[in-house]
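Every read-out reported here was derived from the displayed coordinates using simple, explicitly stated rules and does not represent laboratory data. What you see is a predicted model; the values in this text were computed from it and never measured. Every residue, glycine among them, receives a Cβ derived from its backbone with ideal geometry; neighbour counts consider all protein chains shown.
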Amino acid sequence: MKASPPREDRIRGPRLRQSRIAELVRDQGRVSVESLAARFGASHETIRRDLSALAENGILQKVHGGAKLPRLREEDPFHQRMDHQSAAKRIVAGKLAQRISPGETLFLNTGTTTVIAAEVLSEIDRLTVLTNSYRVARTFTQKARQAEVFLVGGRFDGDNGETLGPMAIADIQRFHADHAILTVAAVDAKQGAMDANFEEAQVARSMIEQADNLIILADSSKFDRRAAFAVCPLERINCLLSDSPPEGALLDRLERLSVAF
C-alpha cells in the first residue's frame, strides 16, 4: 500500500505554500496536483494557481496533472555569464588547482568556469591541455609555464569561442587525458550533469570517454536544476567542485556514490 504524503496543512497563505512547493519540486523532480492538494489540505484549483504562479517565475514547468523542474534549453551570451557568480567560480578554480599535478594531461571544455580555471591552472608546470575553447587555449599559451596546448578543430561558434561538431569529436578521440575537467549547466540528483546545448553535451561526453578521471565544475546556482541534454550520470563523476557543498537529495546521492566534493 502506497504511503500518503505527510500533511502540511498548517501552512497558510499562498507565498508560504508556493515556497514549500518549490522545495518539493527541487527535491523530487516532479509533483502531482493530487499529492500537493492532499499534503497542504488545499483544493486542486488552489494548487493549480500556485503552480501557474511558480511557472510564470520560471521555478517549475507545468505538466499534465502536476509540475516538474524546468529544463534549461539555452544560456545567456558568454560575456553576461562571465559576470554571473564570478566570485563563486574563482573559489571553484582554486579548489581545482589543488587536485592537478605538474605534467598531467587535461581536457577542458568551453565555459566561463573553465576560462577562470585556466588562469589558475596556468601556474602549474608542464601541463598538456586539450580544449575546444579558444579562450582557454589563449590563456594557457599566454600565461602557462611550459604548457603544451591543443585546440581541437570543428565548426566555430563565435559567441562561446568554441569548436563543435563531428570534427571536434574526432579530434578529441585522438587523445587520452588524466582528467576531463568540465563545466555544465545543471546538476540534479536523478539526472546527473546536463548541458543546455546539444553539441556542447556531445563534446563533453566525448571528453569523458577519453579520460581516466572526471571533474565537474559547477557553482552552487547550478544545483537542483535540469537542462535539456544529458552529459553523464552522477555515477560517472569522480569529483564535483563547487563554491559551497550540495544539500538535500543531491548531497545524499553524491555521498552514497562516494563522489568527492
Exercise. Subtracting the Cα-Cα distance from 0.36 nm times the residue separation, let me have the gained length for A37 to A97 in nm, one decimal.
Key: 16.8 nm
Practice problem: State, to one decimal in nm, how far the label point of Q142 lies from the label point of R30, with both points 7 Å from Cα in the Cβ direction. | Solution: 4.7
Exercise. Among S244, A42, N160, pick out the residue whose Cα is farthest towards the positive end of the charge dipole of the chain, where Lys and Arg carry +1 and Asp and Glu carry -1 on C-beta, about the Cα centre.
Key: A42
Quiz item: Put a dot 7 Å past each Cα toward the Cβ at R15 and K68; how far apart are the dots in nm?
Solution: 3.2
Practice problem: Would you please give the FRET efficiency between R155 and A230, computed as 1/(1 + (r/R0)^6) with r the Cβ-Cβ distance and R0 = 22 Å, to the nearest 0.05? | Solution: 0.55
Quiz prompt | Pairwise FRET efficiency - A22 versus D212, Cβ, R0 = 35 Å, nearest 0.05 | solution = 0.35
Exercise. Would you kindly state how much longer the chain becomes between R49 and H176 on full extension, computed as 0.36 nm times their sequence separation minus their alpha carbon distance, in nm to one decimal?
Key: 40.5 nm
Quiz item: If contacts are Cα pairs under 8 angstrom and at least 6 residues apart, what is the relative contact order of the chain in percent?
Solution: 16
Practice problem: Using the Cα centre as the reference, give the magnitude of the dipole from point charges on the C-beta atoms of the chain (Lys, Arg: +1; Asp, Glu: -1; all else neutral), rounded to the nearest 20 debye. | Solution: 940
Practice problem: Using +1 at the Cβ of each Lys and Arg and -1 at the Cβ of each Asp and Glu in the range 78-256, identify which of I181, T139, V203 lies farthest towards the dipole's positive end. | Solution: T139
Quiz item: Which pairs in the list K68/K222; K190/K222; K89/K190 are over 22 Å apart, alpha-carbon to alpha-carbon?
Solution: K89/K190
Quiz item: When the chain is treated as a GNM, springs tying every alpha-carbon pair under 10 Å, which of M167, M207, M194 comes out with the largest mean-square fluctuation?
Solution: M167
Quiz item: Roughly what % antiparallel, to the nearest 5, for the DSSP beta bridges in the chain?
Solution: 40
Quiz prompt | Simple label model, 7 Å out from Cα along Cβ direction - R126 to S244, nm | solution = 4.0
Quiz item: Between exposed trypsin sites (Lys or Arg not before Pro) in the chain, where DSSP calls loop and at most 16 other Cβ atoms lie within 10 Å, what's the longest gap?
Solution: 191-261
Self-check item: Most fluctuating residue given options F40, F223, F150, as computed from a GNM of the chain linking Cα atoms under 10 Å
Solution: F40
